[in-house]
């Protein structure tokens with residue numbers, strides 16, 4: 001039976017490197033996904049943000065307060081790392097949207113459909129990458145990662161109304177940027 005997260009955190013606080021390595025393993029993919037969506041489509045950039053997040057978490061694990069979820073703490077560190085990189089003038093591009101592999105689409109799309117999907121994917125990625133960081137993070141957590149608003153607000157350290165405001169503004173900006181697709 002795998003150690004519970006609280007037991008791993010307790011052991012990591014005492015300097016147990018294996019426990020911290022297990023925590024990294026538990027959250028690596030999710031943090032990389034968020035870093036890819038929010039910070040950059042360049043894999044090295046996303047990997048750097050995820051790695052910096054874990055290094056910072058390792059250095060400061062003793063300051064983690066168990067009144068919040070460990071994942072929330074990690075996501076806040078990752079968000080801060082992304083925002084610091086964006087403020088530092090690094091270009092920000094978004095990861096490609098995943099392909100639709102649902103079973104509700106059994107037939108193969110035509111070349112024209114694939115071209116339209118690719119064009120839309122690029123336009124959405126570009127529109128998302130042009131959003132201010134605080135809107136991008138809200139849209140990424142809620143609309144791409146699928147988190148409930150209350151959970152996303154907690155991860156970002158925001159009130160629910162503040163998150164909803166950021167979502168509304170981010171979505172409105174994206175809608176405006178993607179207006180030409182609605183005419184087709």
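The residues 117, 155, 175, when put in order of fewest to most other Cβ atoms within 10 Å, stand as 175, 117, 155. Remark: the residue 59-residue 84 segment gains 7.2 nm on full extension, using 0.36 nm per residue and subtracting the alpha carbon distance. Our estimate of slack between residue 30 and residue 69, defined as 0.36 nm per intervening residue step minus the Cα-Cα distance, is 12.6 nm.
Neighbour counts of C-beta atoms inside 10 Å place 171, 122, 136 in the sequence 122, 171, 136, starting with the fewest.
Would you mind classifying segment 5-87 by shape? Square roots of the alpha carbon gyration tensor eigenvalues, ordered a ≥ b ≥ c; an a/c under 1.5 is rounded, otherwise it is prolate if a/b is larger than b/c and oblate if not. Prolate, because a/c is 1.5 or more and a/b exceeds b/c. As a rough footprinting exposure proxy, the listed residues 174, 137 were ranked by other beta carbons within 10 Å of their own, and the order from fewest upward is 174, 137. For the peptides 30-37, 60-67, the ranking by mean Cβ contacts within 10 Å, running from highest to lowest, is 30-37, 60-67.
Each reported figure results from applying straightforward, stated rules to the coordinates on display, with no laboratory input. Keep in mind the model is a prediction, meaning the values are calculated, not measured. Virtual Cβ from ideal backbone geometry, glycine too; neighbours counted across all protein chains shown.
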